[in-house]
């Protein structure tokens, strides 16, 4: 259902902190023109944690409207409150999203049975396809491989996973647990090459915000099993993958986009702050190395 280079879109904010719809539409149009094969609005990189519910699903609606069915839209919709997660997936469906990207409950740290029951309640509440988002570094909650398999077999609407565990063996383990048909997307740009070689089919990417064409070409090379070309592109992009996380994300990403598209407002909402001097220097050098400066 989903594959290739799928940017986790930043959310542009004007100087007064408001959602900059015009810039968002331009950004989406550029992403599609450059070859991105899907879009993820209102995820971690989209500063979803600082969006009101109204802003969140307005951004999803704008994304769906601008995409016009040309690529799928996987809307961020997770919550640590199961009732809110249900409201979110229903809102994502009403906004026209193709699927919902759902983290397990964070902060309250349920056990594996609690995680299963959470997704059971969400899946039973709405028929919108669900892509699990396992990112223990942010949620402090890991969806165990066995739980992923259990969820995938119990609920047909759970169609895949964005794996941001940083554990490359997970791709193989999850393939065996959930089935070869289960859509596995890397959540780490720097691990996407190995992840795809282990059965992954794409990446929900931070770097694609800045270098969408190169990321799309990299994913196409992997899909064609041209790993010589894929490795060349990976080497070219690797410094950028690293540089975009030299300060709190999405600070470095918005800095890079500000260089590429100075007319687009790329302000951040507190508690996020602009990338520091060392991070900016790393991004500058990496953009030159990748040929996107």
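The values are calculated or read from the model by the stated rules, or taken from the named source; none is laboratory data. The model shown is predicted, which means the values in this text are computed figures rather than measured ones. For neighbour counting, all protein chains shown are included, and Cβ atoms are generated from backbone atoms with ideal geometry for every residue, glycine included.
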Residue ID - nearest to residue 51 (Cα to Cα), chosen from residues in region 252-262 that are surrounded by fewer than 22 Cβ atoms within 10 Å (Cβ to Cβ) and touching a residue at least 24 places away in the same chain (Cβ under 8 Å): 257
If you check 32, 28, which single one turns out to be under 17 Å from the mean Cα position of the chain (by Cα), within 25 Å of residue 223 (Cβ to Cβ) and surrounded by fewer than 20 Cβ atoms within 10 Å (Cβ to Cβ)? 32
Can you spot a residue in region 228-240 that is out of contact with any helix residue (DSSP H, G or I) (no Cβ under 6 Å at 6 or more places or on another chain) and in a loop (DSSP other than H, G, I, E, B)? no
Counting only residues that are in contact with a helix residue (DSSP H, G or I) (Cβ under 7 Å, 6 or more places away or on another chain) and part of a loop (DSSP other than H, G, I, E, B), how many does region 75-114 have? 11
Has region 279-290 got any residue that is in a loop (DSSP other than H, G, I, E, B), out of contact with any helix residue (DSSP H, G or I) (no Cβ under 8 Å at 6 or more places or on another chain) and at pLDDT 95 or above? no
Being surrounded by fewer than 22 Cβ atoms within 10 Å (Cβ to Cβ), touching a residue at least 40 places away in the same chain (Cβ under 8 Å) and more than 21 Å from residue 2 (Cα to Cα) narrows 138, 83, 109 down to just 138
Total residues in region 86-121, condition under 20 Å from the mean Cα position of the chain (by Cα) and under 16 Å from residue 151 (Cα atoms): 7
Of the listed residues (2, 13), the one being out of contact with any helix residue (DSSP H, G or I) (no Cβ under 8 Å at 6 or more places or on another chain), closer than 28 Å to residue 182 by Cα and touching a residue at least 60 places away in the same chain (Cβ under 8 Å) is 2
Which listed residue, of 76, 69, 96, is surrounded by fewer than 21 Cβ atoms within 10 Å (Cβ to Cβ) and either in contact with a strand residue (DSSP E or B) (Cβ under 6 Å, 6 or more places away or on another chain) or without any contact (Cβ under 8 Å) to a residue 24 or more places away in the chain (or both): 69
Unique residue being more than 24 Å from residue 8 (Cα to Cα) and more than 17 Å from the chain's Cα centre (by Cα) when the list is 154, 144: 154
Only residues in region 169-187 that are closer than 17 Å to residue 139 by Cβ count as the first member; pair them with residues that are surrounded by fewer than 16 Cβ atoms within 10 Å (Cβ to Cβ), Cβ under 6 angstrom, at least 6 apart or cross-chain, and list the lot. none
Which members of region 193-221 meet the condition of being within 15 Å of the chain's Cα centre (by Cα), over 12 Å from residue 171 (Cα atoms) and either at pLDDT below 95 or surrounded by fewer than 24 Cβ atoms within 10 Å (Cβ to Cβ) (or both)? 212, 216
Which one of these does residue 224 not meet: (1) surrounded by fewer than 18 Cβ atoms within 10 Å (Cβ to Cβ); (2) touching a helix residue (DSSP H, G or I) at 6+ places or on another chain (Cβ under 8 Å)? (2)
